[in-house]
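Scroll down for the structure; my scribbles are underneath it.
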Amino acid sequence: MPGYVVHIAIAQEYLRKHNLKYSEEFIIGSIAPDFTNNKSKTHYGKSPAYTNLKKFLLINSINTNYNKGFFLHLVTDYLFYNKYIRKIEKPQIYNDYDYTNKDLIKKYNVKLPDSLKDKVFFKRGKPKILTLDLANKVIEEISNLDLETISKEVIEGDNKWSIYRNIL
């Protein structure tokens, strides 16, 4: 899964690109699925790598800012594991977040909620899996997506959302 800074950058960019008013509920929703010890429950699959978008949508609607942010998080995780990065080495990816956080916060003017201030770390080093270029690509591409269109395509079984791994 992407780190908190990447999720918040995507959420903030989504709001900006879609001309939506800044919403703390949307931002909190965009990180909420990772605030648990049981990520299989909040990601509607056996792990964030197997996020089940359809299962989420069959149980929830995306008619609140919080649920829209939550759904954006799930879409991000789904694409992160199935389009951008296929193999994760956990210790290294977590180091990569720490290596890229400072630059991403600066570039995207990421506003960290108080609840995250002690959970976001900064280290010097060179990322090996999630480079700054890849992080920027993930942020830019995912923040351009339209959540309503995605939800409709997922519910209708559009193959576009099951081409990476058939987990919808």
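The values are calculated or read from the model by the stated rules, or taken from the named source; none is laboratory data. Nothing here was measured: the structure is a model prediction, and the numbers come from that model. Here the Cβ positions follow ideal geometry from the backbone for every residue, glycine too, while neighbour counts run over all protein chains shown.
Odds and ends about this structure:
- Number of residues in the stretch 105-134 that are part of a loop (DSSP other than H, G, I, E, B) and either closer than 14 Å to ILE93 by Cβ or touching a Gly at 6+ places or on another chain (Cβ under 8 Å) (or both) equals 10.
- Residues in the stretch 15-22 include at least one that is of a type in the set (Lys, Arg), more than 19 Å from ILE155 (Cβ to Cβ) and touching a helix residue (DSSP H, G or I) at 6+ places or on another chain (Cβ under 7 Å).
- Of all residues making up the stretch 76-93, the number that are among the polar types (S, T, N, Q), crowded, with 17+ Cβ neighbours inside 10 Å and more than 16 Å from GLU140 (Cβ to Cβ): 1
- Hits in the stretch 30-44 (condition: surrounded by fewer than 16 Cβ atoms within 10 Å (Cβ to Cβ) and either aliphatic (A, V, I, L, M) or assigned to a helix (DSSP H, G or I) (or both)): SER40, LYS41
- PHE56 meets the conditions (1) loosely packed, with under 13 Cβ neighbours inside 10 Å; (2) modelled with pLDDT of 90 or more; (3) under 16 Å from the mean Cα position of the chain (by Cα) in every case but one. The failed one is (1).
- Condition met for LEU104 (among the aliphatic types (A, V, I, L, M) and at pLDDT below 95): no
- Some residue of the stretch 82-95 being in contact with a Ser or Thr (Cβ under 7 Å, 6 or more places away or on another chain) and of a type in the set (Phe, Trp, Tyr): no
- Boolean, TYR50 is out of contact with any Leu (no Cβ under 7 Å at 6 or more places or on another chain), farther than 16 Å from ILE142 by Cβ and modelled with pLDDT under 95: yes
- Matching option when the condition is over 21 Å from GLN12 (Cα atoms), modelled with pLDDT under 90 and not in a loop (DSSP other than H, G, I, E, B), among LYS160, LYS87: LYS160
- One residue from TYR66, TYR99 being touching a residue at least 40 places away in the same chain (Cβ under 8 Å) and either in contact with a Lys or Arg (Cβ under 6 Å, 6 or more places away or on another chain) or not polar (S, T, N, Q) (or both): TYR66
Residues are listed down the side, and each one gets a yes or a no for (1) touching a strand residue (DSSP E or B) at 6+ places or on another chain (Cβ under 6 Å); (2) assigned to a helix (DSSP H, G or I); (3) surrounded by fewer than 22 Cβ atoms within 10 Å (Cβ to Cβ):
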position: VAL6; (1), (2), (3): no, yes, no
position: ALA9; (1), (2), (3): no, yes, no
position: LEU20; (1), (2), (3): no, no, yes
position: ILE28; (1), (2), (3): no, yes, yes
position: LYS46; (1), (2), (3): no, no, yes
position: ALA49; (1), (2), (3): no, yes, yes
position: LEU74; (1), (2), (3): no, yes, no
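- Yes/no for PHE80 being at pLDDT 95 or above, in a helix (DSSP H, G or I) and not aliphatic (A, V, I, L, M): no
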